[in-house]
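Laboratory data are not the source of any read-out in this text; all were calculated from the coordinates shown. These numbers come from a predicted model, not from an experiment. Note that we place each Cβ from the backbone using ideal geometry, even for glycine, and neighbour counts take in every protein chain shown.
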Amino acid sequence: MSKNLLIAALLIIFFTGTKTLTGDNNILLPEGDETTSEVTDSADALTVFSAKIKDKTVYVNWRVLNPKSISYFEVYRLDPKKKDYKKVSDDRISKDDYFEKAANNDGGIVYMYDYEDEPERDGVYFYKLKGFASNGQVVFEADELKIGITGIKNFKVEQNTPNPFNPTTNISYELFDASYVKLKVFDLIGKEIATLVDANQQKGTYTVTFDASKYANLTSGIYFYKLETERYSEVKKMILTK
């Protein structure tokens, strides 16, 4: 069966390939394919508004025909389980920040823009685009895009501090959702040295101290700590000096 999956307006089907979703078509496509939304009832015609996912990054793209009255753009995102859109483009995207422009068959000039967004967790996201005049008046607002993202870790683990250390160091991590968590320390050949966390934990930020003096015969060298949740794991290196 083809990886092109047609889904209903309120249904997202996740799969591992790179996906494209544009307009109200609600189509998930593998990388390289793209659909378009046409808007022709404006002097500043938005001809394309689309989004692609690649390497857990959302690439939002749009094209505008002859943006005469537009001064800048803003990109908005609605996160999973949230009620309101939030602006994700920290700075205004000037109409002069196009990456390419080209003439169309009617003699008009099409300006091409893009924006990269990196959501922190899996889920269904919605994106909107607005074009503004210099006085802040909205010139157009594009129809929202709906897109499903998978493969994003539900935590963030920091590098231990201090590093190198002797004999103690702190390991901090943030859980974006409640999860069962294991945090373990291993030596260079993969032998388990210590279990620092083995419990259910709520969403939030945690800091755990590893004290090498509590474990006999630990020598100077490279060690690893592994944070594991129900879905993902990550390993980082740390150095003990004596």
Given contacts defined as C-alpha pairs under 8 Å and at least six residues apart, what's the relative contact order of segment 84-150, whole-number percent?
23 percent
Once the Cβ-Cβ distance between Gln202 and Asp143 is put in as r, and R0 is 30 Å, what FRET efficiency do you end up with, to the nearest 0.05?
0.20
Want the number for Lys81 to Asp55: 0.36 nm per residue separation, take away the alpha-carbon distance, what's left?
7.0 nm
Please report, to two decimal places, log10 I(q)/I(0) for segment 183-234 at q = 0.26 Å⁻¹ as given by the Debye formula with identical point scatterers on the Cα atoms and no solvent.
-1.16
Quick query: amide H of Ala178 versus all other amide H atoms, modeled in the peptide plane; which residues come in under 5 Å with a sequence gap of 5 or more or a different chain?
Lys203
With θ taken as phi - 60° and the coefficients 6.51, -1.76 and 1.60, list the Karplus ³J(HN,Hα) couplings across segment 210-217 in order, rounded to whole Hz; mark glycine and proline as x.
9, 10, 5, 5, 7, 10, 5, 6
Determine the relative contact order of segment 155-240: mean sequence separation of Cα pairs under 8 Å and six or more apart, normalised by residue count, in whole percent.
33 percent
Calculate the spin-label point distance for Lys68 paired with Ile109, positioning each point 7 Å from the Cα along the beta-carbon direction, and give it in nanometres.
1.3 nm
So for the pair Asn170, Thr150, with labels modelled 7 Å out along Cα→Cβ, what separation do we get in nm?
3.8 nm
Compute the length gained on full extension between Val235 and Gln159: take 0.36 nm times their separation in residues and subtract their Cα-Cα distance, giving the result in nm to one decimal.
26.4 nm
Here, Glu192 and Asp117, labelled 7 Å along Cα→Cβ, have an inter-label distance in nm of 4.1 nm
Can you sort Tyr206, Tyr215 by how many other beta carbons sit within 10 Å, fewest first?
Tyr215, Tyr206
Segment 144-170 scanned against label point 7 Å out from Tyr215 along Cα→C-beta; backbone N under 20 Å for 157-170
